Amino acid sequence: MAEQKKATASESGRKKRVSESGQTVVQAKSQGSATGKRIGAVCLWILAIAFEVLAILVLTKHIEITFMSPLVAVIILLVLDFACVVGGSMLWKKANRIDPASEKNKVKFWLWNNMGLIVTVFAFVPFIILTLMSKEADKKTKGIAVGAAAVLLIIAGLCSIDWNPISAEEKAAQEGLYTDAALPEGKVYFTQFGKKYHLYEDCSHINKSDKIYEVVAGAEENEGKACVDVAIEYGCDDVCKTCAGKFEKAQGEKAADGN
């Protein structure tokens with residue numbers, strides 16, 4: 001739960017092949033632009049606050065619902081609040097993979113990578129405070145409502161934190177090390193839940209996986225992005241050390257042959 005939820009390479013309409021070792025290899029697709037995801041996140045967060053306000057109004061009896069009990073209505077609204085907060089946070093974290101903030105501005109970097117957590121606090125804490133202060137609701141209703149809000153607050157907060165943020169500088173460093181032209185096989189590879197990208201399809205760290213994903217240099221699916229950029233969008237922030245060592249050795253041998 002506390003781990004950042006990893007973006008899944010959609011297989012719908014994606015090119016597939018079978019490797020020499022019998023693995024299914026799926027061609028990954030770029031996650032698109034950061035702007036659209038940020039707009040989507042903000043819209044969901046606004047909805048979350050709206051659901052919180054409605055929950056407060058129902059609990060304090062400023063809005064009356066006749067077809068269900070106020071407590072049930074409040075719980076439903078809090079769940080909708082929770083869903084919008086988490087959905088927005090997932091979109092925001094995906095956007096941060098595509099267009100990360102720079103570490104040069106420490107305040108912005110922290111805010112950008114904790115925006116989901118900040119919104120989570122605003123989406124639940126006011127409800128908890130106002131419910132505790134309310135004189136309209138009875139003690140039992142207040143206890144259940146506050147308990148539900150507190151649980152949802154904790155879960156949403158854990159889901160919204162970016163546990164492994166990447167900076168613009170870190171992304172640029174990876175791009176500089178392994179440009180598309182420098183890739184030994186013209187591709188990078190990763191597994192669905194891996195945290196590293198690989199330069200070789202037969203790398204010992206991924207050749208036992210039933211399914212791997214590949215990013216092909218210059219492919220239309222990359223939307224003009226470098227292979228490493230696309231891999232980073234799926235949560236693979238660094239190169240596999242084994243692949244890096246093999247690559248450096250090959251480069252050294254190539255340089256020696258040239259001399």
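Values in this text are rule-based calculations from the coordinates and carry no lab data. The model shown is predicted, which means the values in this text are computed figures rather than measured ones. Please note: Cβ atoms are built from the backbone with ideal geometry, for glycine as well, and neighbour counts cover all protein chains shown.
Can you tell me the length gained on complete extension of the stretch residue 195 to residue 68, counting 0.36 nm per residue apart and subtracting the Cα distance?
41.1 nm
If contacts are Cα pairs under 8 angstrom and at least 6 residues apart, what is the relative contact order of region 113-259 in percent?
21
Set the Förster radius R0 to 22 Å, insert the Cβ-Cβ distance between residue 104 and residue 179 as r into 1/(1 + (r/R0)^6), and round the FRET efficiency to 0.05.
Plugging the Cβ-Cβ distance into 1/(1 + (r/R0)^6) gives 0.40.
Pairing rule first: another cysteine's C-beta must sit under 4.7 Å. Under that rule, which cysteines of the chain stay single?
Cysteines lacking a close Cβ partner in the chain: 43, 84, 159, 203, 227, 236.
Can you give the local net charge around residue 30? Use residues other than it whose beta-carbon is closer than 10 angstrom to its beta-carbon, Lys and Arg +1, Asp and Glu -1.
Local charge sum for residue 30: -3.
Summing -39500 (n - 2.57) over the DSSP H runs of n ≥ 4 in the chain and dividing by its residue number, what mean residue ellipticity at 222 nm do you reach, to the nearest 500 deg cm²/dmol?
So the helix-based figure for the chain works out to -18500 deg cm²/dmol.
May I ask for the angle, rounded to the nearest 10°, between helix 70-98 and the longest principal axis of the chain, with both axes built from Cα atoms and the value confined to 0 to 90°?
20
Under 17 Å Cα-Cα from residue 142, which aspartates and glutamates qualify once same-chain neighbours fewer than 8 residues away are excluded?
Filter leaves 52, 64.
Which trypsin sites (Lys or Arg not before Pro) from region 115-209 combine a DSSP loop assignment with at most 11 other Cβ atoms within 10 Å?
135, 208
Counting other Cβ atoms within 10 Å, keep those with at most 12, restrict to DSSP loop, and tell me which chymotrypsin sites (Phe, Trp or Tyr not before Pro) in region 182-259 are left.
Counting only loop positions with at most 12 other Cβ atoms within 10 Å, the chymotrypsin sites (Phe, Trp or Tyr not before Pro) in region 182-259 are 193.
For residue 15 and residue 210, what does the FRET efficiency come to when R0 = 22 Å and r is the distance between their Cβ atoms, rounded to the nearest 0.05?
FRET efficiency, residue 15 to residue 210: 0.80.
How high is the FRET efficiency between residue 155 and residue 43 when r is their beta carbon distance and R₀ equals 22 Å, given to the nearest 0.05?
0.55
Pull out a ≥ b ≥ c, the square roots of the eigenvalues of the alpha-carbon gyration tensor of the chain, then state rounded if a/c is under 1.5, prolate if not and a/b is larger than b/c, and oblate in the remaining case.
Prolate shape, in that a/c is at least 1.5 and a/b is the bigger ratio.
Tell me the relative contact order for region 34-160 as a rounded percent, counting alpha carbon contacts under 8 Å between residues six or more apart.
33
Can you list the chymotrypsin sites (Phe, Trp or Tyr not before Pro) in region 39-136 that are in a DSSP coil and have 11 or fewer other beta carbons within 10 angstrom?
Hits after loop and neighbour filter: 67.
Counting pairs of alpha carbon atoms under 8 Å apart in space and at least six apart in sequence, what relative contact order in percent does the chain give?
Relative contact order here is 25 percent.
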